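The values are calculated or read from the model by the stated rules, or taken from the named source; none is laboratory data. In this text, all values refer to a predicted model and were calculated from it rather than measured experimentally. Cβ coordinates were reconstructed from backbone atoms using ideal geometry, including for glycine residues, and neighbour counts include every protein chain displayed. Only protein heavy atoms, including side chains, enter the accessible area calculation; ligands, DNA and RNA are left aside. Shrake-Rupley method; radii C 1.70, N 1.55, O 1.52, S 1.80 Å.
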Amino acid sequence: MSLLEVDDIEVRYGAIRALKGISFHVEEGEVVALLGANGAGKTTTQKTVSGMMRPSLGEIRFDGERIDGLPAHDLINLGICHVPEGRRVFPLMSVAENLEMGAFRFKRPDPQLLARCFEMFPRLKEREHQYAGTLSGGEQQMLAIARALMGKPRLLLLDEPSMGLAPLIVRQIFDIVREINSTGVTVLIVEQNAAQALGLANRGYVLETGEMVLSGTGKELLADDRIRAAYLGEEITT
Amino acid sequence: MKRRSVEAEARIENLKRFGACLAGGFVLALMVGTQEGTQQDFGYAFRQSVAMPRILIFLGIGVLLYLAITFGPRAKPYLTRPGLRPLGAGVLTVIISLTLLKWTDSPQINTGKFRPLADAAAPTQALDSLARLWFGSAFSQTAWLLLIIVTVLAAAGMIRRSAPLSYAAAILAGVLGIWAEYASAAVSKFLHYPSHATGGAVAMLGFFTIAVASLVSARSQAAEADTDGFIDRVLGWRPGLALVVLGFAVGLVGVFNAAWFSPGDRNATLSTTASMFGATNLNGFAQTYLDWLGFVLFFVTLVVAGVASYLRHRLLAYAAIVLGLVSTLLTLVVVHDFSALGGKQGFDGAQGAWDNLGTGAWMTCAALSLFAGAGYLVLKDLRIEAKGVRAGSDIVGSGTAGARGQVAAATMLVVIIAALFYPPTATEFWQTVLVSEIGIYVLLAIGLNVVVGWAGLLDLGFIAFYAIGSYTTAYFTGRLPVQPPDWLLLSPLACIPFAIAACLIAGVALGFPTLRLRGDYLAIVTLGFGEIIRVIANNANGFTNGPRGAFNIPAPQIHLGPIHLTWGDSALGFWYLLLVLIAIIVLLFNRLENSRLGRAWAAIREDEVAAQATGINTRNVKLLAFAIGASTSGVAGVFFASQVGSFTPENFVLNNSILVVAYVVFGGMGSLPGAMAGAAVLTWLPEFLKDQVPAEDRQMWIGALILVMMIFRPAGLIPARRRKAELSGLDRPSSAEATAVPAGEGM
Ligand SMILES: Nc1ncnc2c1ncn2[C@@H]1O[C@H](COP(=O)(O)OP(=O)(O)OP(=O)(O)O)[C@@H](O)[C@H]1O
Ligand SMILES: [Mg+2]
């Protein structure tokens, strides 16, 4: 049984069908990448999985239980933690307070976990009492990820964690994602940065205007001509 | 060639600036001038405004403005000299006392302000010559002239950094302060009129400030004042010492000077009260207190608190708290005993317990409680220190954080003590204002602060819940056309749970469909809701009695076993009831702010999507904010209904909703003390100005104050930490250690 099974879901924004019946699955312990052009529906997929949106058709199962239609604050109790698109930290809370908010579902934050987060992100430790709004873009992204970790995720949803960051920092972020995965957290990552995402991911899916057009292991997709043309900017020479 | 044109341009620039300043003065003249005109004569107001002598004043203001703008930068180095700012504050205080404040309440002097009083007093032969001199028996503007002389002297001393000049100014200012108060007291004595007027005392304070400023300047070696955190440092030096000093000053007047008992035309101080009751059968303890124990208690507590504060001694601090509180209580008991006996003994004009009291006893109580407060501050300081040492000294290390906490706690204590002991000494007018304006709006502002300040939801229909609370009270006390069943007829205080329930339901009913809306949309929907409630109240004749409203709502009563409390005609009783309600609500809400719920509100306010992602049930949490705010407003409604006894839908107009929002914003959105202070200041000010400025100018002064506030303190009177950070562009670190952030590799 897969950890997450998405079965033929359709999601609408009013009259617009953003997802037109897509299916995929994520196994326990995997990193799965979700690729696609702008507006393909990647964010919508993640929001639906994390409970911020409801599918109008189809089923989502987590650990075999149906979860579609449940609100986000219930899903987080199952261990589905979402790092939304665009580094949404709480700007007027300190770094430490942001991390505490991440553990909102518990009575009080786990001090060991907090220490581990600071170990993983030493920059955040240095800036513990600084307002999150004054962090650099990269630091904010780290904070957003660390905050999600404070919720003890089983499935971590990352939406474009590398957006707008310098290559060096992007590499750091991907290293951290790998490290998180190695502690047993399953990851569903949305990325524009196809090469690096597929390098990291066990498997990947490609979305196009609300439909799933390709799937395969990371290596297979990296070798696929269509992927190379669309995301890696290479000419198809054949 | 080129050079010349630059000069010419500068000259033109200068001219333009001059013109603009004059025009500004002219516009000001029009704004401040009379606003009336007639159908036949539209130019009346205009001519009045530019009438000769007046317009010159305003053009003068324009010229001053021009000079300030042009030469201000050059004067800058002088403006930071030590003492110059306090000098400004002192001079301003004296000017206010000479222009705005009343110097006497006696109806014999027409407005009671300085000018008419001086005109009347100067030629009065019965007044002694020293006082007459102050009021201008020799030269008609003596007070002003002296103010100018001392100001020039002090300023010269500061700017030229000449110690002799500064000392001279200090001495002169000290003398003038005493003189002003002396003259004012002489007038009170002469007019035989118990006075609540503050003019003389404020003038004295102003002159003393000038004196202190000059002393500071004379003794200071520095070329520049170190104003950074000055007050924090002064108050942080010895915890609680400020309260001891304040208590000492207040207590001295209370114990030695002020009236304790004033039936008929007597004004008995503590010692004369003792002899007044010497021949009666006043119980032994009270007589002892009046004879000597009162003085002893005051001085012992003073010394204990002072030493505790100076040495930061734990046991002494406890002793000060116990002594202060116990002797406050004893004082109250004694006051009750002798005033009750005074009524029975038939002293001329004595009416019974708690009546005919002067200010003395209350001032003494305030002083004794201030000493207890000082003890508390010492303990608090010791506790913070202990915690800091345990936590690796990162609190104590910064020092100022502790001092700032001291300032907040000291201010809070002073406010509480003033709220307890000032109202009995106030006139009936101010007691009424305290209850029906200040107190009620403070309660409303506390409620709205939850919605607007904490959860960030703009609610423009807040007064609707106040209306619901009032109508619920009217219903359950049986004063509406629809009646509850007989067994459910309640006394007003018992309506509180029902009012809360009604407001919770109404809050949820309004919130459920609308909380998906954001910002301005929500504001408009709530505004509509407020109006709907009012219109229903106005039109549903059969239920709400329509525009006639509800009347004859009984005053609250409490009968609990042996305790029987009833409220009736005195506003003072209602004030203490209100104080209890406010205290309960503030205690609850204070917990709330740092609770899970409070943090959830903060998260939603800052970023709703992120809040959702951290597992906050955003809808329920927002609903709760709405409901909690609404029920606070409902409690205020219950109180209002049973205090005024009758109300109509006109009490719940949109304007009131907007006022409450303004109070919260003015005081500091999201800060509980801020919202309370905002409401208190803005409800007090119009009543205060009633006596001071022409009625039609009142709104202008208030508007000016709000404008100035919003320019200089955009985050409000007592800003919430977060909001302050937001408005200052986050550039100030949230704590001392954040400034020492390692440079890192840079991102
Ligand atoms: N709130 C909304 N209302 C209407 N349409 C929406 C809304 N949010 C998204 N859409 C539409 O749904 C489609 C999918 O959007 P989505 O945000 O999922 O794309 P994405 O794959 O994450 O794109 P990107 O890579 O640019 O982030 C788009 O066509 C978008 O315009
Ligand atoms: Mg997206």
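The table that follows gives values for the structure above.
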item	result
Amide H contacts of B:Phe261 (H built 1.01 Å from N, under 5 Å, at least 5 apart or other chain)	B:Ala268, B:Gly358
Accessible surface of the protein assembly as shown [probe 1.4 Å, protein heavy atoms]: carbon and sulfur percent	62 percent
Share of Cα-Cα pairs in the protein assembly as shown lying beyond 60 Å, as whole percent	23 percent
Per-residue mean of C-beta atoms belonging to partner chains within 10 Å, peptide A:49-57	1
Positive-end residue, the stretch B:231-425 charge dipole about Cα centroid, Cβ charges, pick of B:Gly251, B:Ala386, B:Gly236	B:Ala386
Given charges at Cβ of Lys, Arg, Asp, Glu: the stretch B:71-160 dipole, positive-most of B:Gly136, B:Tyr78, B:Val150	B:Tyr78
Accessible surface, the stretch A:87-151, averaged per residue in Å² (probe 1.4 Å)	36 Å²
Net charge over other residues, Cβ less than 14 angstrom from the Cβ of A:Leu114 (K, R count +1; D, E count -1)	0
Cβ-derived FRET efficiency at R0 60 Å, B:Ser162 paired with B:Val333, nearest 0.05	0.60
Cα centroid of the stretch B:697-713 to Cα centroid of the stretch A:105-139, whole Å	43 Å
The stretch B:516-561 and the stretch B:84-125: distance between their alpha carbon centers, rounded to Å	45 Å
Residues whose placed amide H lies under 5 Å from that of A:Tyr131, excluding near-sequence neighbours	B:Ser734
Zone residues, the stretch B:504-539, relative to B:Glu608, backbone N less than 15 Å from point 7 Å out along Cα-to-Cβ	B:511-526
Estimated FRET transfer efficiency (B:Tyr521, B:Leu588; beta-carbon r; R0 41 Å; 0.05)	0.85
Net +/- balance of residues flanking B:Ile702 in space, Cβ distance below 15 Å, scoring K and R +1, D and E -1	-3
Sites A:Ala166 and A:Ala15, calculated FRET efficiency, Cβ-Cβ separation with R0 60 Å, nearest 0.05	0.90
Summed buried accessible surface, chains A and B, 1.4 Å probe, nearest 100 Å²	3100 Å²
Ranked packing of B:437-447, B:145-155, most packed first, by mean Cβ within 10 Å	B:437-447, B:145-155
Chain-alone versus full-assembly comparison, the stretch B:581-616, residues with accessible loss of at least 40 Å² (1.4 Å probe)	B:Arg596, B:Arg599, B:Glu606, B:Asp607, B:Val609, B:Ala610, B:Gln612, B:Ala613, B:Thr614, B:Gly615
Positive-end extreme of charge dipole, the stretch B:81-224 - chosen from B:Ile159, B:Pro107, B:Trp179 (charges on Cβ)	B:Ile159
Net charge contributed by nearby residues that have their C-beta within less than 12 Å of B:Leu67 (K/R +1, D/E -1)	+2
Lys, Arg +1 and Asp, Glu -1 on Cβ, resulting dipole of the protein assembly as shown about Cα centre, debye, nearest 20	2120 debye
1.4 Å probe, heavy atoms, protein only - residues of the stretch A:63-87 losing at least 10 Å² accessible area vs chain alone	A:Ala72, A:His73, A:Ile76, A:His82, A:Pro84
Radius, Kirkwood style, for the stretch B:69-181 when every pair of distinct Cα atoms is counted (Å)	15.7 Å
Dipole magnitude of the stretch A:87-151 about its Cα centre (Cβ charges: Lys, Arg +1; Asp, Glu -1), debye to nearest 20	200 debye
Within 10 Å of each Cβ in B:677-689, the average number of Cβ atoms from other chains	0
Most to least packed among B:274-285, B:569-580, B:701-712 [average Cβ atoms within 10 Å]	B:569-580, B:274-285, B:701-712
Cβ-placed point charges (K, R +1; D, E -1), dipole of the stretch B:503-615 about Cα centre in debye, nearest 20	160 debye
Number of partner chain Cβ atoms within 10 Å, mean per residue of A:127-135	6
Mean projected area (nm²) of the alpha-carbon convex hull when chain A is viewed from all directions	13.1 nm²
At least 27 Å along the helix axis (C-alpha) and Kyte average at least 1.0, DSSP helices within chain B	B:52-79, B:163-191, B:199-219, B:314-345, B:400-421, B:571-593
Alpha-carbon centroid distance for the pair the stretch B:133-152 / the stretch B:260-307, whole angstrom	40 Å
